[in-house]
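Read through the structure below, which is laid out as structure tokens, and then see the notes.
The values are calculated or read from the model by the stated rules, or taken from the named source; none is laboratory data. What you are looking at is a predicted structure, and each value in this text was computed from that prediction instead of being measured. To get the accessible areas, we keep the full protein, side chains included, count just its heavy atoms, and leave off ligands, DNA and RNA. Shrake-Rupley method; radii C 1.70, N 1.55, O 1.52, S 1.80 Å.
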Amino acid sequence: MKLDKTAFMRAVALMMMSWAALPIVYWLLIRNKDTPKKEEPKK
């Protein structure tokens, strides 16, 4: 089985980016939960 290096590197890069985004997304969710939200006008 021959491994396509470019596809493999893209998959690894995507995985790394998603792992890097995890703590950021987590922090945003926690921050949004702690701060009282303003009521948005419904359209």
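Consider Met15 carefully, then state whether it is open to solvent by 90 Å² or more (accessible area, probe 1.4 Å) and either at pLDDT 75 or above or within 11 Å of the chain's Cα centre (by Cα) (or both).
Numbers: open to solvent by 90 Å² or more (accessible area, probe 1.4 Å): yes; either at pLDDT 75 or above or within 11 Å of the chain's Cα centre (by Cα) (or both): yes.
It is true that Met15 is open to solvent by 90 Å² or more (accessible area, probe 1.4 Å) and either at pLDDT 75 or above or within 11 Å of the chain's Cα centre (by Cα) (or both).
Please work out which residue is farthest from the chain's Cα centre (by Cα), limiting yourself to segment 18-43 and to residues that are hydroxyl-bearing (Ser, Thr, Tyr) and modelled with pLDDT of 75 or more. Explain how you work it out, then say what you get.
Let us first name the residues in segment 18-43 that are hydroxyl-bearing (Ser, Thr, Tyr), namely 18, 26, 35.
Restricting the remaining residues to those that are modelled with pLDDT of 75 or more gives 18, 26.
Details: Ser18: 5, Tyr26: 9 Å.
It comes out as Tyr26.
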